[in-house]
Each structure stands twice: as structure tokens, then as C-alpha cells.
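The structure under discussion appears below in the form of C-alpha cells.
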Amino acid sequence: MGKILKLENIVAGYKNKFMLQNISFDVMKSSFTGIIGPNASGKTTLFKTIIGDISLQSGQIIIDGQDILLFSLKEKAQKLAIVTQYFDTPNLSVEDYVLLGRYPYNNRFQFFEAKNDYTIAHKYMHLTDVFKYKDRMITELSGGAQQMVAITRALTQEPDLLLLDEPTSHLDIKHQVQVLDLLQKLNKELKLSVLMIIHDLNLAGEYCDNLLMMSHGKIHKSGTPKEVLNYKDIEMVYDTLVVTQENPLSKKPAVFLVSGSVKDSS
Amino acid sequence: MNKKYNRWFWSILSLLALLFATIVLALSIGEVNFSLGELISIFQKSEGIERSILYNIRIPRILLGFAVGGALSISGLVLQAIYRNPLVEPYTLGISGGAALGVAICIVFGLNEFFPLLSLPISGVIGAFAVIVFMYFISMRRTHLNINSILLTGVMISFITSSVIMFLLSTTTSEKLQNIIFWTMGSLEEPNKYLIYLVVFVSILGLLIFYFFVSQLNALRLGEAHAKYLGINTNLLIKVLFIVASVITGISVATAGVIGFVGLIVPHLMRYLVGNDYRILLISTFLSGGIFLILSDVLARTIISPNELPIGVITGIIGGLVFIVAISKSKKLLKF
């Protein structure tokens with residue numbers, strides 16, 4: 001299995017402030033990787049560096065075997081699709097919104113959408129089950145449905161790697177599960193590689209194949225959820241007392257918080 | 001998808017029909033009124049005073065109204081798209097103010113006595129450009145554009161230019177005073193035919209350039225960050241659009257004076273009527289901006305005939321009222 005994304009000795013960040021220090025890691029093709037870590041650990045900085053919002057000071061980012069700097073903006077958009085936690089919701093129908101994902105493939109002087117664009121957009125709308133909202137305005141949908149539509153738009157870019165920045169933090173548990181189930185399905189059925197920042201350790205353990213735990217601009221530990229989500233590492237990185245156990249159904253690690261009163265009495 | 005293109009086709013067709021009707025109305029109404037039949041027979045003649053009224057007075061005003069109305073409207077539309085703010089128009093960005101200041105300086109210092117025909121438009125364009133260059137260096141040189149700072153700077157520039165114009169007004173002679181005031185309020189009376197042709201040419205060129213970027217404009221609806229993720233060089237795109245919008249505004253304001261509100265109302269009404277897709281929005285905004293200004297001009301020159309009202313008064317009152325009523329009736333109006 002090849003690598004879809006390879007980071008080599010990344011140094012990047014804000015002037016005189018927060019910096020990523022020598023980050024190196026690989027994302028394998030069709031893997032489902034989560035980036036976890038406390039606030040200000042460098043998750044978002046790393047994400048912004050990969051998508052090009054923050055420029056590299058040294059190191060190299062390689063996508064599908066080629067240096068990211070050698071791609072044109074449109075070529076990059078055909079490789080990487082990005083979903084963020086919050087995004088502008090223009091007054092557009094769901095179908096028109098999803099169709100915008102075809103932009104990286106459009107000819108410079110193409111005025112009308114090609115029939116193929118509609119075919120592809122509809123295909124992914126059926127896959128993510130947002131086709132029923134086709135003619136609704138995106139502003140009328142719930143936050144969870146909007147997130148599904150944003151993911152559908154990203155899919156119509158037909159990317160090799162889907163990057164998500166906390167796609168579920170603002171959703172209730174029903175929609176969290178709905179969005180993450182969808183990502184898992186895309187990962188399994190389409191062999192789509194997924195790299196996602198996720199705050200919730202239990203969701204991270206439940207859904208991701210690989211976890212990358214960050215702390216102070218460095219990678220603290222990476223590996224399977226079982227390897228990463230143990231109380232020692234979590235307590236070290238988050239400076240918070242936790243208990244870890246196995247989820248009885250999925251056999252994945254689950255993290256329990258310990259409140260102050262319980263801590264005092266035990 | 002055919003349904004969408006069908007709707008676009010009918011929108012354009014009805015706007016063209018409306019434009020035609022407006023032009024016929026503007027040709028027939030004035031100090032002398034012509035019926036439709038008279039109009040046709042006048043056009044068949046090769047000379048005569050009626051023919052001269054049409055060719056030398058009414059047609060030039062219609063052309064200028066169409067071009068200036070269209071230019072200000074698409075300029076407002078594109079500026080709103082760039083700033084993703086419903087209150088932006090050439091006026092709020094200080095571009096109109098810069099042009100007005102340029103013209104005021106020109107009149108106060110008597111520069112217009114040297115080149116009577118071209119000095120006003122040229123100084124207006126210089127004034128508009130001074131503001132553009134200033135804005136460019138203040139907020140665009142940075143690698144990342146800060147939209148709020150540009151917006152606030154524009155509002156401040158509007159204040160400063162209008163204060164400086166006030167200062168000039170209070171220190172100058174009464175004859176020049178009237179010149180400046182009349183120009184500031186806008187008029188479609190322009191004796192120089194070539195200047196009118198130039199404005200028509202530039203505004204249509206502006207429309208074509210905007211169409212060149214129409215798919216990027218559509219992608220910009222996702223927000224600047226997501227447009228960039230789709231493969232658009234947003235920094236460059238915004239600079240180019242901003243400069244084109246400024247140029248067509250500068251030339252329009254320099255020729256016809258400060259005509260407010262057109263760049264604000266027309267784009268919003270069109271978003272409401274034809275939707276949010278710039279492929280149809282650009283052309284329909286241009287056409288209806290032209291229609292709106294031609295109609296406003298008909299009112300301006302007939303209400304207190306034989307005298308003439310400044311057209312800015314008409315666009316301000318009618319446009320403002322229509323807009324307030326429309327906003328209170330519909331929540332959808334201010335949406336992007």
C-alpha cells in the first residue's frame with residue numbers, strides 16, 4: 001500500500017509564536033487517520049500547513065509521490081478536498097452547492113455545466129443520502145445536514161485525500177454518528193483516504209484506524225487507537241486524569257473522565 | 001438543468017423587452033411629447049427639429065443612462081461578491097467620493113477653463129484612482145486581504161472626501177459653488193458625444209471582463225477560504241475584480257456625477273429575482289441598472305419641467321423607498 005501523504009521534517013507556524021517542530025509522518029492510501037491533542041497542541045496549524053494556508057519554513061509535503069509545491073492550485077484541488085467545522089452557507093440550492101465541487105475540473109472558458117458534472121454530483125448525493133434535499137436551500141438545512149452537504153461537495157472533487165477539521169464538534173450525538181458513519185462508509189467503499197482533526201477521544205478511538213497525538217507542536221505518539229489511547233499518554237498530554245476501558249461492543253478503547261469529587265473520594 | 005437555463009432565457013428576454021419599452025418611453029417624453037407613430041415617422045426623416053431633439057438630446061442621455069446605470073450596478077454586484085457584505089457599493093468604498101473630490105478640485109482651481117470638455121471627467125477618474133491606489137497600498141499589499149479593514153477604510157475615505165469638498169465649497173465663489181453642487185448630485189446631460197461613447201465602451205468592456213471570471217465569482221460564494229481550496233488564486237482574483245470595478249465606477253462618476261444607491265439596490269433586487277448565479281446575475285443586473293437609470297432620468301427631467309432635478313435625488317428617493325419596502329416585505333432580500 002502506497003502513501004497518499006508524506007510529511008518530512010515539517011517546520012511551520014506563526015512568526016515568533018507557535019511553531020510545528022520537525023513533524024514527520026505518513027498517511028497511507030485508504031486509511032482513516034485522526035489527529036488528536038489538546039487545544040494549542042498544533043492540530044490546526046498542522047492542518048493549515050498541509051492545505052497551504054500556512055507556508056512551510058522547512059521540510060517537504062509529498063502528495064501521491066509529488067511535492068505539493070509542484071501542483072497547480074487546481075491540480076491540488078483534484079487531490080485534496082477540505083471540509084471545515086464552520087463554513088459560509090450561501091443562499092444556494094443543495095444541488096448548485098454540490099456542483100461547485102466540480103470547479104477544479106472545469107475548463108477555463110466553460111460556461112455551462114457539463115452533463116458529466118451533474119452525473120457525478122448526483123452520484124455522490126445519492127451516496128451520502130442528501131439527494132432528497134436537492135432543491136432545498138442549504139441555509140434551510142440543519143447543521144448536521146449542512147455538514148453532510150459540505151462533505152458531498154468535497155466528494156465531487158473526487159479527491160485522493162479528504163481532510164476534515166473537526167467536522168462533528170458542533171453536532172449532537174445523532175449527527176456526529178451520522179457524519180462519522182458516512183466517512184467510514186466512504187473510506188471502506190470508495191477506498192477514500194481520510195485525515196481528520198477530531199476533539200472527541202471516544203469518537204476518535206471508535207472510528208479511526210490510526211491516531212496521531214500531538215502535544216506542544218510535536219507528535220507525541222502515533223499508532224492504532226489501542227496503542228495511543230491509554231491513560232498514561234492521555235494524562236501526560238492533556239494533563240487530566242482519565243480512565244480507559246474497552247468498549248464492550250466494538251472492542252475499541254473508550255475514555256472516561258474523572259470528576260474532582262470522585263478523584264477526592266478515591 | 002434545462003429548467004434553469006430556460007428560466008435564464010426568459011429572464012433575459014423580459015429584461016430586454018423592458019429595456020426596449022423604457023427606451024421608447026424615454027424617447028417620447030420630454031419638453032415636447034411624441035406619440036409612437038410620430039417617433040417612427042421622425043426616424044424616417046433625414047432632418048428637422050424633432051429629429052435633432054432625438055439625436056442630440058434624448059438618445060445621448062439614454063445611452064449614458066444605460067451605460068452608467070449598468071456600470072454602477074455590476075460594480076456594486078461584484079464588490080458585494082468580493083467583500084461578501086450586502087452593504088458594499090462604489091459609494092461606500094470611497095471610490096465615488098474620490099471622483100467627486102477630483103472634480104471639485106478641478107472646478108475650484110479653475111482647471112476646467114483650460115480644457116472645458118475633458119477636464120471634469122479626467123479629474124474625476126484621477127480622483128477615483130487616487131482612492132483606489134490608496135486603498136491598494138493600505139490593505140492589499142499584505143499577503144492576506146483583510147476585508148473589514150478595507151471596508152472601514154472606504155467608509156472613512158468617503159467621510160474625508162465629503163468633508164474636504166465641504167471645505168472647498170465654503171471657501172469658493174458662488175458660481176463655482178453651484179457648478180460643484182450640481183455635478184455632485186449627478187446629471188446625465190453630457191455635451192461630449194465621444195465621452196458618452198467611451199463610457200458605453202468601458203462599461204460593456206467591464207461586463208465582459210467580469211464574465212471572463214464568472215465561474216470564479218460563483219465559487220467565491222463559498223467564501224474566500226473555500227474558493228481557494230477549490231483551486232482559485234483568490235488574492236489575484238479579488239485584486240483584478242476590485243480594480244475593474246473601480247475603473248468602471250470612476251469613469252461613470254466622472255461623467256455623470258455621484259449617483260448613489262444604484263450600485264446597492266439593483267444587485268439586491270436582481271439576486272432576489274433571478275437567483276444567486278453570476279452567469280445570469282451579471283447580465284440581468286447590468287440591464288436592469290440601465291433601465292433603472294434611464295427611467296430615473298425621465299422622471300428627473302419631467303417632474304419640474306422645464307427645469308431639471310439632479311438624477312441623484314430621484315435614485316436616492318425612489319431607490320431608497322423601494323428598497324426599504326422590499327426589505328420589510330421579504331427576509332430573503334439581503335441574503336447572498
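The values are calculated or read from the model by the stated rules, or taken from the named source; none is laboratory data. Note that this is a predicted model, so its numbers are computed, not measured. Quick reminder, even Gly has a Cβ in these numbers, built from the backbone with ideal geometry, and neighbours come from all protein chains shown. The accessibility values were calculated without ligands, DNA or RNA, using every heavy atom of the protein model including side chains. Shrake-Rupley method; radii C 1.70, N 1.55, O 1.52, S 1.80 Å.
Each part reduced to its alpha carbon centroid, the range A:195-266 and the range A:36-64 end up 22 Å apart. Based on protein heavy atoms only, the range A:68-193 ends up with 42 Å² per residue of surface accessible to a 1.4 Å probe.
When each of the peptides A:254-262, A:96-104 is scored by the mean number of other C-beta atoms lying within 10 Å of its residues, the order from highest to lowest reads A:96-104, A:254-262. Of the chymotrypsin sites (Phe, Trp or Tyr not before Pro) found in the range A:2-79, those in coil by DSSP whose Cβ has at most 12 other Cβ atoms within 10 Å are A:TYR14. Rounded to the nearest 500, the helix-only mean residue ellipticity at 222 nm of the protein assembly as shown stands at -17500 deg cm²/dmol, with each DSSP H run of n ≥ 4 adding -39,500 (n - 2.57).
Evaluate the charge dipole of the range B:34-106 about its Cα centre and quote only its size in Debye, nearest 20, assuming +1 on the Cβ of each Lys and Arg and -1 on the Cβ of each Asp and Glu.
That gives a dipole near 80 debye.
Projecting the Cα atoms of B:VAL88, B:ILE251, B:TYR194 onto the charge dipole of the range B:60-329 (Cβ charges, centred on the Cα centre) puts B:VAL88 farthest toward the positive pole. Give, ordered by residue number, each residue of the range B:217-257 whose 1.4 Å probe accessible area is reduced by a minimum of 30 Å² on adding the remaining protein chains to the chain alone. Going by heavy-atom accessible area, the residues of the range B:217-257 that drop by at least 30 Å² are B:ARG221, B:LEU222, B:HIS226, B:LYS228, B:TYR229, B:LEU230, B:GLY231.
Inter-chain Cβ neighbour count for A:51-63, averaged per residue, equals 1 (cutoff 10 Å, partner chain atoms only). Peptides B:282-289, B:41-48 ranked from most to least packed give B:282-289, B:41-48, packing being the mean of other C-beta atoms within 10 angstrom over each peptide's residues. Under the convention that each Lys and Arg Cβ holds +1 and each Asp and Glu Cβ holds -1, the size of the dipole of chain A around its Cα centre is about 400 debye.
Compute, for the range B:162-289, the length of the dipole vector about the Cα centre, with Cβ point charges of +1 (Lys, Arg) and -1 (Asp, Glu) only. Units Debye, rounded to 20.
That gives the range B:162-289 a dipole magnitude of about 320 debye.
Interface size, chains A and B: roughly 2600 Å² of accessible area buried, both sides included, 1.4 Å probe, rounded to the nearest 100. The phi-based Karplus calculation (6.51 cos²θ - 1.76 cosθ + 1.60; θ = phi - 60°) puts the 3J(HN,Hα) values of the range A:242-255 at 9, 10, 10, 8, 8, 5, x, 8, 8, 6, 8, x, 10, 10 Hz, whole numbers, x for Gly and Pro. Here A:LYS115 is the anchor, and the lysines within straight C-alpha reach of less than 19 Å, apart from those fewer than 8 places off in the same chain, are A:LYS123, A:LYS134, B:LYS3, B:LYS4. Restricting the range A:12-64 to trypsin sites (Lys or Arg not before Pro) that sit in a DSSP loop and have at most 16 other Cβ atoms within 10 Å of their own Cβ leaves A:LYS15, A:LYS17, A:LYS29. Here each label is just a point 7 Å from Cα along the line to Cβ, and for B:LYS45 and B:TYR272 those points are 4.4 nm apart. Computed over protein heavy atoms with a 1.4 Å probe, the accessible surface of the range A:18-60 works out to 37 Å² per residue. Highest mean packing first, where packing is the average number of other Cβ atoms within 10 Å per residue, the peptides A:225-231, A:200-206 line up as A:200-206, A:225-231. Starting from the Cα of B:LYS176, draw a straight line to each of the lysines and keep only those under 25 Å, dropping any in the same chain fewer than 8 residues away. Leaving aside lysines fewer than 8 places away in the same chain, those within reach of B:LYS176 are B:LYS193.
Pairs with C-alpha atoms separated by more than 18 Å, drawn from the list A:LYS191/A:LYS252; A:LYS48/B:LYS228; A:LYS3/A:LYS191; A:LYS191/A:LYS221, are A:LYS191/A:LYS252; A:LYS191/A:LYS221. According to the calculation over all Cα-Cα pairs in the range B:60-329, the P(r) per 10 Å bin from zero is 7, 31, 36, 19, 5, 0 %. Considering only A:VAL243, A:THR45, A:ASN230, the residue lying farthest towards the positive end of the dipole of chain A is A:THR45, judged by Cα position with unit charges set on Cβ. The mean number of Cβ atoms from other chains found within 10 Å of a Cβ in peptide A:66-78 is 2, as a whole number. In this structure the range B:60-329 gives 39 Å² per residue of accessible area when probed at 1.4 Å with all protein chains present. Of the accessible area of the protein assembly as shown, computed with a 1.4 Å probe over protein heavy atoms only, carbon and sulfur atoms account for 62 percent. Once the partner protein chains are put back, the range B:1-42 shows a loss of at least 40 square angstrom of accessible area, versus the chain by itself, at B:MET1, B:LYS4, B:TYR5 (probe 1.4 Å, ligands and nucleic acids excluded).
Distances between placed amide hydrogens fall under 5 Å for A:MET214 paired with A:ILE36, A:GLY37, A:HIS220, all partners being 5 or more residues away or on another chain. In the range B:47-95, burial by the other protein chains removes 10 Å² or more of accessible area from B:ARG84, compared with the chain on its own (1.4 Å probe, ligands and nucleic acids ignored).
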